[in-house]
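**Q** Before I ask anything, here is the structure I am working with.
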Ligand code: SF4
Ligand code: SF4
């Protein structure tokens, strides 16, 4: 019952953030404001690392998106990638599109676990490229490719980003959260922060499987939207876990999966 309530709360918060983003988009269409990108925490890289911005301390550097982006990165040190499952509008739309498919399709359409590990380099490469481009003052190149930013200049749409957005949404009908798993440079940056936090010995919330109660049915891994092999260990150490709580909700033995703040030395 508690887990069902958590899922209802998550859907409510996701809906509110999606509504907020769509309202901002609507306002940008009529030209009151310039950019839905003010919602994107990756502004911490795209705008935060531009030399021009750094030289204008107190100006764009202090904009809400950059502060928000940095705050989310710090939060991942303690709570992991909750942002992706609870707040990100792009994550929400991908999740809801995949949910349109039948239960049978969603359970059958699974890539092998190693495929996610192998494809992970893509998002890290995108992260490295965007950081480099921003530092040398060419951040606008990556911004034009950003699916979120593509909507920001309506009616002057950035077409490369729009194409990427359409492809991402279309792919979401076949694969769970393709942008979050394979391409999101902010997801990669959150992963880097979590790995640094682990090395620094900072305790972080992890999904925990009670080994005494677990029957190894494998349902939790089958339903995991990030294709994580939950049955591999007692704790889900995988930095791609977005703390959606779906594994706990789908587990037939209620109370077997929970979250716990764990010191890296305990692992
Ligand atoms: S391990 Fe559980 S909480 Fe983490 S992403 Fe997978 S289903 Fe969500
Ligand atoms: S769904 Fe529950 S019982 Fe089944 S493997 Fe996962 S934790 Fe164990």
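**Q** Do you know which of the residues in region 213-243 that are in a helix (DSSP H, G or I) and buried (at least 21 other Cβ atoms within 10 Å of the Cβ) is farthest from ligand 2 (Cβ to nearest atom)?
**A** 230
**Q** If you don't mind, another one. Given the conditions (1) away from ligand 2 (no atom under 16 Å from the Cβ); (2) buried (at least 16 other Cβ atoms within 10 Å of the Cβ), and given that residue 247 satisfies all but one, which numbered condition is not satisfied?
**A** Result: residue 247 passes all but (1).
**Q** In region 107-123, how many residues are surrounded by 14 or more Cβ atoms within 10 Å (Cβ to Cβ), part of a helix (DSSP H, G or I) and touching a helix residue (DSSP H, G or I) at 6+ places or on another chain (Cβ under 7 Å)?
**A** Residues flagged as surrounded by 14 or more Cβ atoms within 10 Å (Cβ to Cβ), part of a helix (DSSP H, G or I) and touching a helix residue (DSSP H, G or I) at 6+ places or on another chain (Cβ under 7 Å) within region 107-123 amount to 4.
**Q** Checking the structure you have, find out if any residue of region 177-193 is within 13 Å of ligand 1 (Cβ to nearest atom), touching a helix residue (DSSP H, G or I) at 6+ places or on another chain (Cβ under 6 Å), touching a residue at least 40 places away in the same chain (Cβ under 8 Å) and not in a helix (DSSP H, G or I).
**A** Among the residues of region 177-193, at least one is within 13 Å of ligand 1 (Cβ to nearest atom), touching a helix residue (DSSP H, G or I) at 6+ places or on another chain (Cβ under 6 Å), touching a residue at least 40 places away in the same chain (Cβ under 8 Å) and not in a helix (DSSP H, G or I), which makes the answer yes.
**Q** Return yes or no: is residue 196 modelled with pLDDT of 95 or more, within 15 Å of ligand 1 (Cβ to nearest atom) and not in a loop (DSSP other than H, G, I, E, B)?
**A** Spelling it out, it is not the case that residue 196 is modelled with pLDDT of 95 or more, within 15 Å of ligand 1 (Cβ to nearest atom) and not in a loop (DSSP other than H, G, I, E, B).
**Q** Does residue 173 qualify as being away from ligand 1 (no atom under 13 Å from the Cβ), in contact with a helix residue (DSSP H, G or I) (Cβ under 6 Å, 6 or more places away or on another chain) and under 20 Å from residue 87 (Cα atoms)?
**A** no
**Q** Additional query: Select from region 154-176 the residues that are part of a loop (DSSP other than H, G, I, E, B) and at pLDDT below 85 and list them in ascending order.
**A** If the condition is that a residue be part of a loop (DSSP other than H, G, I, E, B) and at pLDDT below 85, then 154, 155, 156, 157, 158 are the ones that fit.
**Q** Spot the failing condition for residue 211; the list is (1) free of Cβ contacts under 8 Å to residues at least 40 places away in the same chain; (2) within 10 Å of ligand 1 (Cβ to nearest atom); (3) over 18 Å from the mean Cα position of the chain (by Cα), and only one is missed.
**A** Result: residue 211 fails condition (2) only.
**Q** Okay, moving on. Taking region 244-261, which residues are in contact with a strand residue (DSSP E or B) (Cβ under 7 Å, 6 or more places away or on another chain) and part of a loop (DSSP other than H, G, I, E, B)?
**A** Restricting attention to region 244-261, the residues satisfying the condition of being in contact with a strand residue (DSSP E or B) (Cβ under 7 Å, 6 or more places away or on another chain) are 247-248, 251, 256-261.
Of everything in region 244-261, those that are in contact with a strand residue (DSSP E or B) (Cβ under 7 Å, 6 or more places away or on another chain) and part of a loop (DSSP other than H, G, I, E, B) turn out to be 251, 256.
The values are calculated or read from the model by the stated rules, or taken from the named source; none is laboratory data. What you see is a predicted model; the values in this text were computed from it and never measured. Using ideal geometry, Cβ is built from the backbone for each residue, glycine included, and neighbour counts are taken over all protein chains shown.
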